[in-house]
Ligand SMILES: Cc1cc2nc3c(=O)[nH]c(=O)nc-3n(C[C@H](O)[C@H](O)[C@H](O)COP(=O)(O)OP(=O)(O)OC[C@H]3O[C@@H](n4cnc5c(N)ncnc54)[C@H](O)[C@@H]3O)c2cc1C
């Protein structure tokens, strides 16, 4: 791949091959026919389609959001053309088995491909991403018949899919959903209810849309234990797989969004005429656990998508800072001296470095977690189980820290462009708007923080956290062998010890009954764990860079120097923030918790 407007390919290669060694996955029987060449070919093809078919209508999609015309959704035609190219190249089946017509790629490689599509057009990639999520879920929990009639057409790029969880009155709290599933004598169900915010909920891109919908069967237990999962097709599907009659699913309206405006977002009504046919997936009342089984991968995807928008803004602001001339150095008194480029100003370099640290750090963490997904296929049971535990712990961090800090990166990109950045003539404001959804959907970042401190850090007596701290300690030991990195290794080891101590105190205080007070500090805990995790992957990168530097060629030399300098910058300016966050958590700060409604 030559110079790309979408990504820093050198950083992508460094992450996949120099840090993670993803070629090792080809020792798994499932990936035996793959090699670094086939991985690179998939990434190269994704890049080509992203640049030729996704990027050119990114602005047009933003300016021409989907419209409802005679009860149908009208999209700009370029979206269908992009889907043809995407499906034609087989990306709708990137993860699927060869027998199903799939590419059988590792999850980490599909994430690398997806990162290019989402950088090129965050709105358009939503259509196949949701379809693939639905197919993945059916691959695990569907019956053979359901796979044949609903999953296979998605893999072939003929059907699309959605995730129908949210309702107008139930977003974060899914236990309060009201959609009903009424059992029928033939074992099927009829659905009655309404679903809000459904991405890709209605369009004419394919032959059908497979809605995966959460509902409560009449008489089910209250709360999340009463939630079941259903297939609700837009068009019913006959036993032989042919398309049947239109199902009773109505498009009730469109939501008009701030960003990602090319992807349609819908309000759907099910069973307005008491004739919405549905099939149960798996066992009754297990629906939420099936959905959550897939959530790790979805949430990593959201975090990575956010980071790609951050990366796009970073790349653009870097280019701009190298070209625009403005002002002189503070000690240059001669007004006739020619102005310097923006990048010569230390404050601009500070903002570029912050973006580099957030983006490249979060990308490494996201790709690392994606490889943990692939470790589920390893023959070593210990590695399988440890990878699963680490994934559980890291997923909320990748989703929430990644999307919060990618958005901060987008703010910095706008700031670097000054007034031009605030206008619609430059792309950085769209990056920000497209990115703003990511801290909200797939579980808000507030909910992710509660999950991290309340559940993931505490599960199995803190086993996952111990594993993470073990990884951090191993990186510190490696880095300490390199003289210049020794002080950074000591700094990281101290931060890791603080994180362990803080988590123990939080656990003890919750066990003693202060659950609400401790969890009132969940966001500070997310900051602590997020910064610790990002500092860890920066020291890892710096160690690899320091070892490679002496033999590096003229192209790689500045790349590795950049890695080392960014690591030093993060440790000087960002890592110290963990001390403040840890203090708030371990002292169980109650200033937010104790604030009374009427005092506002
Ligand atoms: C563009 C877009 C696309 C979406 N796509 C889909 C989709 O395809 N399918 C789907 O099912 N849904 C989708 N959603 C819905 C999305 O997942 C919800 O918006 C999200 O879960 C939050 O729910 P809510 O909007 O009802 O906000 P609320 O749940 O009302 O939350 C409002 C605020 O309160 C906070 N809050 C809520 N509960 C708690 C708590 N217990 N403790 C502390 N703070 C709390 C939240 O963190 C948030 O800051 C989409 C939403 C948008 C905007």
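Tabulated data
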| read-out | value |
| --- | --- |
| Checking residue 206 against (1) within 23 Å of the chain's Cα centre (by Cα); (2) within 17 Å of residue 72 (Cα to Cα), the condition it does not meet | (1) |
| Tally of residues being farther than 26 Å from residue 542 by Cα and part of a helix (DSSP H, G or I) across the stretch 1-37 | 6 |
| Residue in the stretch 282-299 that is part of a strand (DSSP E or B), away from the ligand (no atom under 13 Å from the Cβ) and in contact with a strand residue (DSSP E or B) (Cβ under 9 Å, 6 or more places away or on another chain) present | no |
| Matching residues, the stretch 219-256, being within 12 Å of the ligand (Cβ to nearest atom), touching a strand residue (DSSP E or B) at 6+ places or on another chain (Cβ under 6 Å) and in a loop (DSSP other than H, G, I, E, B) | 255 |
| Residue that is farthest from the ligand (Cβ to nearest atom) [pool: residues in the stretch 160-175 that are in a loop (DSSP other than H, G, I, E, B) and in contact with a helix residue (DSSP H, G or I) (Cβ under 7 Å, 6 or more places away or on another chain)] | 169 |
| Members of the stretch 83-101 found to be at positive phi and either surrounded by 23 or more Cβ atoms within 10 Å (Cβ to Cβ) or touching a helix residue (DSSP H, G or I) at 6+ places or on another chain (Cβ under 8 Å) (or both), listed by number | 101 |
| Hey, residue 537 within 16 Å of the ligand (Cβ to nearest atom), crowded, with 22+ Cβ neighbours inside 10 Å and in the same structural domain as residue 569 (by TED's automatic domain parsing) or not | no |
| Test: residue in the stretch 143-156 that is within 16 Å of the ligand (Cβ to nearest atom), within 21 Å of the chain's Cα centre (by Cα) and buried (at least 20 other Cβ atoms within 10 Å of the Cβ) | no |
| The stretch 176-191, subset part of a strand (DSSP E or B) and buried (at least 21 other Cβ atoms within 10 Å of the Cβ), residue farthest from the ligand (Cβ to nearest atom) | 189 |
| Matching entry among 313, 282, 305, 262 (being surrounded by fewer than 22 Cβ atoms within 10 Å (Cβ to Cβ) and touching a helix residue (DSSP H, G or I) at 6+ places or on another chain (Cβ under 6 Å)) | 282 |
| Helices (runs of 4 or more DSSP H) (entirely within the stretch 388-502) containing at least 2 residues that are within 15 Å of the ligand (Cβ to nearest atom) and buried (at least 17 other Cβ atoms within 10 Å of the Cβ) | 428-435, 445-451 |
| Test: residue in the stretch 208-218 that is away from the ligand (no atom under 16 Å from the Cβ) and closer than 23 Å to residue 86 by Cα | yes |
| Complete set of residues in the stretch 1-16 that are out of contact with any helix residue (DSSP H, G or I) (no Cβ under 7 Å at 6 or more places or on another chain) and at pLDDT 95 or above | 13, 14 |
| Failed item in (1) modelled with pLDDT of 95 or more; (2) within 15 Å of the ligand (Cβ to nearest atom); (3) surrounded by fewer than 17 Cβ atoms within 10 Å (Cβ to Cβ), with residue 204 passing the rest | (2) |
| Matching entry among 312, 280 (being farther than 30 Å from residue 229 by Cα, in contact (Cβ under 8 Å) with a residue 24 or more places away in the chain and not assigned by TED's automatic domain parsing to the domain that holds residue 111) | 312 |
| Meets criteria (part of a helix (DSSP H, G or I), more than 16 Å from the ligand (Cβ to nearest atom) and surrounded by fewer than 24 Cβ atoms within 10 Å (Cβ to Cβ)) for residue 129 | no |
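Conditions tested, residue by residue: (1) assigned to a helix (DSSP H, G or I); (2) touching a helix residue (DSSP H, G or I) at 6+ places or on another chain (Cβ under 9 Å); (3) touching a residue at least 12 places away in the same chain (Cβ under 8 Å).
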position: 42; (1), (2), (3): yes, yes, yes
position: 45; (1), (2), (3): yes, yes, yes
position: 49; (1), (2), (3): yes, yes, yes
position: 56; (1), (2), (3): yes, yes, yes
position: 61; (1), (2), (3): yes, yes, yes
position: 65; (1), (2), (3): no, no, yes
position: 73; (1), (2), (3): no, no, yes
position: 81; (1), (2), (3): yes, yes, yes
position: 103; (1), (2), (3): no, yes, yes
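The values are calculated or read from the model by the stated rules, or taken from the named source; none is laboratory data. Keep in mind that this is a model prediction, so the values were computed, not measured. Note: ideal-geometry Cβ built from the backbone for every residue, glycine included; neighbour counts use all protein chains shown.
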